[in-house]
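Read-outs throughout are calculated quantities, based only on the coordinates presented, and are distinct from any laboratory measurement. Keep in mind it's a predicted model, so treat the numbers as computed, not measured. Quick reminder, even Gly has a Cβ in these numbers, built from the backbone with ideal geometry, and neighbours come from all protein chains shown.
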Amino acid sequence: MTKDNGRPITDNGQMTNDGSRHIAFDCRYFLGDRPCKWHKATGTLCTCEHYRPIGERILIIKLDAMGDVLRTTALLPALAAAHPDAAIAWITRRESLPLLGRNPYLSEMIEYGPDALAQLQARVFDRVINLDAGKASAALASLANAKRKDGFVLSASGFVEPTNAAARRWLELGVFDDLKRQGRKTYQEWMLEILGLSGAPHRYVLELGEDERERGRMRLERLGVDLSRPVIGLNTGAGGRWELKRWREDGYLDLVERLARKHDVQFVLLGGPEERERNRRLASQSGVPLFDSGSDNPVRHFAAIVAACDVVVCGDTLAMHLSLALGRRTIVLFGPTSSAEIEMYGLGEKIVPAMDCLACYKTTCDFVPNCMDLITTGMVEAAVERQFQQALANRSQAVGIRPQAVVVARTSAF
């Protein structure tokens, strides 16, 4: 900075009429209450070579389960391509905020609560996107001041209303079980239709730094895992709400014994607080060593542990979304939820039992056997074998070694 007649000016010569320093309020890097990252790193002043003016302001509201938040990030590349000059903000619950950390497509994250409500009262957006049909998120979308709203809003009568025909079709799937079972599109395909971006490329966006990945590897090494050997992660539960998503404990025990007899592989137990006792039982009953990665890992640390696995076996859970987002070979066991709505991105297989009442979305069931009981150890073992061979090929390519006798089977399609 220099001075012109005693008045401060910026590096590029800009100054205000009253002599105060120029601030680029419309720059996507402007934070308002603290220095932007470029000023912090180099001391550069507004308007510098990194200046990127905001053309539009877009707000995404997504409050549902953490896995739903993560899979919704897959829409961001398409949205950013359609609005290259937009600043995208995202309102979500506190527990999901870490999943959005380091996301290159987001200008800001806003925690659902008083702060979000206050900001909605003051701000104006060009477009608001709410893809949740819940009343809380629909109410936020109704409160937001925006020229365009996509998804769902809350009517004055207290009912959730779709804003377009595509959102209406998605709402119908949520209301009518028979339509849900008939659905064949993935969640991402449905949501892109609501946004008017059908057919656009999409992918999960989860940015883990190398420092975070290293902490995940170190956690496993401290447990005794040899990361020079293949690792299979077993996410054995499904949280507290979805008891019916869980596969049988004896199925996991049988699976690891079969695989250990054929391969030099290690098994890591994955889960959260609800899986603590289940994983403890499995580790104590197994004749094969099972490394318990813990049940109280912060979500980004949990993601880093998942990233250190070569293959992940799981239900329709957050671990599934993390595994797919991180490019792991993934085997997903489906029962009460829709397998059709899960996009695998060519990374694995879905195991779906033959049962007419699938996608019932029940938390418990009195059928004997139920859908998860019909998933046999042999079905899971065969899928793991196929994905394990692909994982070995990926390992070999990473170190420049041509794999010997590796056969990669075509993944199942459902």
- Query: For segment 119-193, what is the convex hull volume of its Cα atoms per residue in Å³?
  - Reply: 91 Å³
- Any idea which of N130, L173, L206 is furthest toward the positive side of the dipole for segment 97-225, if Lys and Arg beta-carbons carry +1 and Asp and Glu beta-carbons -1? L173
- Message: Averaging over every viewing direction, what projected area does the convex hull of the Cα atoms of segment 221-398 cover, in nm²?
- Response: 9.8 nm²
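What does the convex hull of the alpha-carbon atoms of segment 285-362 project to on average, in nm²?
About 6.7 nm², averaged over all directions.
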- Note on the structure: Expressed in nanometres to one decimal, the distance between label points 7 Å along Cα→Cβ at T376 and A156 is 6.1 nm
- Work out how much length F367 to N394 would gain on full extension: take 0.36 nm times their residue separation and subtract the Cα-Cα distance, in nm to one decimal. 5.6 nm
- Item | Nearby lysines by direct alpha-carbon distance to K149 (threshold 26 angstrom, same-chain neighbours under 8 apart not counted) | K62, K135, K180, K185
- Message: Kirkwood hydrodynamic radius, computed over distinct alpha-carbon pairs, for the chain: how many Å, to one decimal?
- Response: 23.6 Å
- Task: Find how much the distance from D264 to C357 grows on full extension, using 0.36 nm per residue of separation minus their present alpha carbon separation; answer in nm with one decimal.
- Result: 29.6 nm
- Query: R0 = 56 Å: FRET efficiency of A283 with I23, Cβ-based, nearest 0.05?
  - Reply: 0.50
- Item | Linear extension gain, D226 paired with E210, 0.36 nm per residue minus alpha-carbon span | 3.9 nm
- Just tell me, in residue order, which DSSP H segments of the chain are both 18 angstrom or longer along the helix axis (alpha-carbon based) and at least -1.0 in mean Kyte-Doolittle hydropathy. 249-262, 377-398
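Based only on other Cβ atoms within 10 Å, what is the fewest-to-most ordering of M344, M218, M191? Walk me through the intermediate numbers first.
Working: M344 19, M218 13, M191 24.
Starting with the residue having the fewest Cβ neighbours, the order is M218, M344, M191.
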- Hey, how many Å between the Cα centroid of segment 301-372 and the Cα centroid of segment 108-156? 31 Å
- Using all Cα-Cα distances in segment 56-194, what percent lands in each 5 angstrom bin from 0 up to the longest? 2, 10, 20, 24, 22, 13, 6, 2, 0
- Can you put K147, K62, K362 in order, fewest other beta carbons within 10 Å first? K147, K362, K62
- Item | Between segment 29-106 and segment 272-295, the Cα center-to-center distance that results, in Å | 38 Å
- Note on the structure: Within the under-14-Å Cβ sphere about Q285, not counting Q285, Lys/Arg +1 and Asp/Glu -1 give a net charge of -2
